[in-house]
Amino acid sequence: MPEKTVRNYIKSALVFSLLLFLLSTNILSAQNQEEEFAEIAAEADTVYKEKYGLRVGIDLSKLARTALDEDYTGFMLEADMRIYDNYYLAAEIGNETLPFGEDYIRVSASGSFIKIGANYNAYENWEGMQNIVFAGLRYGFSTFSQDIEEYRIYTTNDYFNDDIRFNGEETSGLTASWIELMAGFKVEVLKNLYLSANVQLKRRLSQTTPDGFDNLTIPGFGRTFDDSNFGIGYGYSISYLIPIFRKAKN
């Protein structure tokens with residue numbers, strides 16, 4: 001075989017080998033890129049996204065008191081919605097008949113109330129958990145009537161029997177407003193099902209009263225006191241979260 005032909009064969013073999021090497025390198029590089037993209041996509045798919053939605057429930061404490069106290073009736077619906085990370089809009093609406101009785105008087109107040117505000121969740125959940133330990137602020141408003149069921153005329157004379165009046169005097173169209181600080185927790189006991197409890201510190205802002213008398217109880221606010229505008233309360237409830245969308249935690 002001529003020497004020139006041999007050299008041409010060698011050159012062709014070298015060129016073919018170089019092309020094969022470059023092609024194999026590009027294939028391996030493309031495969032590595034595909035594997036990297038697949039890993040990134042898998043990691044993106046595994047990023048935990050928390051549930052955002054509307055949680056609605058009912059106050060169990062008012063139902064329990066209705067069952068145990070024959071003079072009391074009441075119920076309250078509650079709702080909250082997560083709007084950003086640890087912040088929730090919240091509201092409660094309900095109706096109550098609140099009795100009050102002492103030695104000289106027995107009255108009851110009946111009416112409806114609404115409370116609107118927000119909660120802040122101070123609890124850092126583990127991944128997959130959405131429990132809440134919260135502090136909240138509410139503005140409350142109530143419309144109600146007050147019924148003086150009976151009262152006793154005060155006297156220091158023991159000669160006559162007690163003068164007890166059963167006149168059932170009712171005053172309607174009364175209103176009251178207050179602000180309320182709330183603290184509590186919500187624990188997920190089953191999927192999307194929560195049990196919660198809270199305590200409340202209230203400060204009365206305004207009220208209308210019957211002629212010549214005071215409001216002794218206010219639906220939604222509770223017991224009132226002559227020497228203070230403050231009140232306290234508590235509640236425990238059950239609620240269900242209706243998921244609307246999911247969002248990765250910031």
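The values are calculated or read from the model by the stated rules, or taken from the named source; none is laboratory data. As the structure is a computational prediction, the values presented were derived from the model and not from experiment. Don't worry about glycine lacking a Cβ; one is built from the backbone with ideal geometry, like all the others, and counts go over all protein chains shown. Surface accessibility is based on the protein's heavy atoms, side chains included, excluding ligands, DNA and RNA. Shrake-Rupley method; radii C 1.70, N 1.55, O 1.52, S 1.80 Å.
What to note about this one:
- Summed residue charge, Cβ within 9 Å of Leu181's Cβ, Lys/Arg positive, Asp/Glu negative: +2
- Gained length - Phe225 relative to Tyr52, 0.36 nm times residue gap less alpha-carbon distance: 58.2 nm
- At R0 = 45 Å, FRET efficiency that the Cβ-Cβ distance of Thr209 and Glu124 yields, to 0.05: 0.45
- Largest to smallest accessible area among Ser61, Ser206 [probe 1.4 Å]: Ser206, Ser61
- Cβ-Cβ FRET estimate between Leu193 and Arg65, R0 fixed at 35 Å, reported to 0.05: 0.95
- Annotation note: GluC sites (Glu not before Pro) in segment 46-153 located in DSSP loop regions with a Cβ neighbour count of at most 10 within 10 Å are Glu70, Glu102, Glu124, Glu127.
- Compared with the alpha-carbon gap, the fully stretched path from Ala135 to Glu102 is longer by 8.4 nm at 0.36 nm per residue.
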